[in-house]
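Just below is one structure, and these are the notes that go with it.
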Amino acid sequence: MNTATTISDQKKVGMVSLGCPKALVDSERILTRLRADGYAMSPDYAGADVVLVNTCGFLDSAKEESLAAIGEAIAENGRVIVTGCMGDEADAIRAAHPQVLAITGAHQYEDVVAAVHEAAPPGQGPYVDLIPQPDIKLTPRHYSYLKISEGCNHSCSFCIIPDLRGKLASRRIDAVLREAEKLVAAGTRELLVISQDTSAYGVDTRHDVRTWKGREVRAHMTDLARELGQLRTPDGLAPWTRLHYVYPYPHVDAVIPLMAEGLLTPYLDIPFQHASPSVLKRMKRPANEAKVLERLKSWREICPDIAVRSSFVVGFPGETEADFDYLVEWLEEAQLDRVGAFRFEPVAGAQANALPDHVPEEVKEERYARLMEVTARISAAKLEAKVGRTLPVIIDEVGEPDEDGDVGATGRSQADAPEIDGNVYLRNVPQSLAPGDFVMAEVEDADAHDLFGVIV
């Protein structure tokens, strides 16, 4: 008689990840934890025993997208667990989708894993490997997001992030550096440092000191940047390191020389949001726009190739035509390299909703269009000035040969972060070229957002 025990099938989990890169890192951590528990990942709804939807709850439009994604997952699979920033609005989610199995909030990893265990208990057997598997990545192999903290200590009137993700909670610097080292050893060529407020890293721990590689390092943005600049890939190259969500505190000046020395990618993502002092005051943000212009000039003197990207809100309650004109004039002076803009949207729970003098939608649209026109013109001029130069480029994608056998590739310069900035399109590249390769490219042409060139 055959007495062999039947090994239960390996359970599979699907994932829909919405929102910002910080949420994407949460998704990676959740899936890594679940795989360690014996789960497999399903690339589609049909093969999944349960589907996780990591939601965004920052704007009403993001909430609508999240509810739509939950609805699609229920329609396609039926067994859905919701997590992420919109998880704090469980009543609204259940009102729209009562079939949801469980709801957890942002970065509540243990609760998510427990909900998956209950909905689809893991099978025990050959799938739980004795050899630790590498962490799951939801980005291409050659770039990775490095999250250094959770939460935020600001109380901006348009934002509910502190309500969703709590106050600033910085990770230990040795843990951050260990993760970065592991990512680079595994093939990461570009690290994207993210948080809600990268400049405030370590404030909550009083810049706790740890030992790393035999030396003491503080949980501080400048120490972190200096140490990340020492990393090398297995073939001895320095990976690119970008700083995102950098508030322009005075100590930011100290990282610019690191960019000039080549230790950091000459790129800063600074959420200015506006320039008019009266609007910034209503936003409950620091109003030091004149000093910022002086510092931008100083940064460019130290590191001429520095690229500064930012985002701005138009149509904030009480924004007058004079406020908007002030912003446009400020942008003409600041000459930022990359600019994104958002029309103000009321967010449930945000203080800004109670402010008087909301701007009519048609006025928001008109101002948004004008802002985009100005920033596109500035961008086009700055990119046109790069024609004829030779720039380092990281390759993201290599195409198939065309009818003549020529191969094209898409990459990015140091001024371009993935998914949010422009691209560098290269012609006649070697077929041996691969994503993650660094090349030097001569810029032959430019438009308002992208560069075109050839490998030298």
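The values are calculated or read from the model by the stated rules, or taken from the named source; none is laboratory data. It should be emphasised that the depicted structure is a prediction, and the values quoted were computed from it without experimental measurement. Backbone-built Cβ (ideal geometry, glycine too); neighbour counts: all protein chains shown. Side chains included, ligands, DNA and RNA excluded: accessible areas come from the protein's heavy atoms. Shrake-Rupley method; radii C 1.70, N 1.55, O 1.52, S 1.80 Å.
So the values come out like this:
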quantity: Cysteines (scope the chain) whose Cβ has no counterpart Cys Cβ under 4.7 Å; calculated: Cys20, Cys56, Cys85, Cys152, Cys303
quantity: Label point distance in nm, Glu365-Ser278, each placed 7 Å from Cα along Cα→Cβ; calculated: 2.6
quantity: Antiparallel bridges, percent of DSSP beta bridges restricted to the chain (to nearest 5); calculated: 40
quantity: Backbone N under 16 Å from the Ala354 label point (7 Å along Cα→Cβ), restricted to region 76-108; calculated: none
quantity: Residues with amide H under 5 Å from that of Val314, placed H, sequence gap 5 or more; calculated: Phe342, Arg343, Phe344
quantity: Alpha-carbon radius of gyration plus Dmax, which is the widest Cα pair, for region 142-184 in Å; calculated: 13.3, 38
quantity: All lysines inside 22 Å of Lys182 as judged from Cα atoms, apart from same-chain residues fewer than 8 positions distant; calculated: Lys22, Lys137, Lys147, Lys213
quantity: For Ala307, distant residues with modelled amide H under 5 Å away; calculated: Tyr267, Leu268
quantity: Computed lengthening from Glu301 to Asn428, 0.36 nm per intervening residue step minus Cα-Cα distance; calculated: 42.2 nm
quantity: D_trans [Stokes-Einstein, Kirkwood Rh over alpha-carbon pairs] for region 136-238, 4 °C, 1.567 mPa s, µm² s⁻¹; calculated: 89
quantity: Computed lengthening from Ala185 to Thr410, 0.36 nm per intervening residue step minus Cα-Cα distance; calculated: 78.6 nm
quantity: Cβ-based charge dipole, the chain, positive-most Cα from Val82, Ala69, Leu391; calculated: Val82
quantity: Volume per residue that the Cα convex hull of region 10-65 spans, once the total is divided by residue count, Å³; calculated: 72
quantity: Cα-based equivalent ellipsoid of region 36-121: semi-axis lengths in Å, sorted from largest, via gyration tensor; calculated: 20, 15, 11
quantity: Isotropically averaged projected area of region 308-449, using the convex hull of Cα atoms (one quarter of hull area), nm²; calculated: 11.3
quantity: Pairwise label distance in nanometres, Arg94 with Ala254, each label 7 Å out on the Cα-Cβ vector; calculated: 4.9
quantity: For the chain, accessible area per residue (1.4 Å probe, heavy atoms of protein chains only), Å²; calculated: 45
quantity: Charge dipole magnitude, Cβ of K and R +1, D and E -1 - region 312-382, Cα centre, debye nearest 20; calculated: 340
quantity: Rounded FRET efficiency, nearest 0.05, which uses the C-beta distance separating Ala385 from Glu442 and R0 of 22 Å; calculated: 0.95
quantity: Within the chain, helix-based [θ] at 222 nm, where runs of 4 or more DSSP H residues each add -39,500 (n - 2.57), nearest 500; calculated: -9500 deg cm²/dmol
quantity: Cα shape, region 407-447, gyration tensor, a/c 1.5 rule; calculated: oblate
quantity: Added length on full extension, which subtracts the Cα-Cα distance from 0.36 nm per residue, Asp204 to Thr233; calculated: 7.3 nm
quantity: Amide H within-cut-off set for Lys147, under 5 Å, with H built and near neighbours excluded; calculated: Ile194
quantity: Reachable lysines, given that their alpha-carbon falls under 27 Å from the alpha-carbon of Lys297 and they are not under 8 places away in the same chain; calculated: Lys281, Lys284, Lys382, Lys386
quantity: Equivalent ellipsoid semi-axes, the chain, via Cα gyration tensor eigenvalues times 5, rooted, Å; calculated: 37, 30, 23
quantity: Estimated dipole of the chain in Debye, rounded to 20 [Cβ of Lys and Arg +1, of Asp and Glu -1, Cα centre]; calculated: 1840
quantity: Cα-based Rg and Dmax for region 207-343, where Dmax is the largest Cα-Cα distance (Å); calculated: 17.3, 57
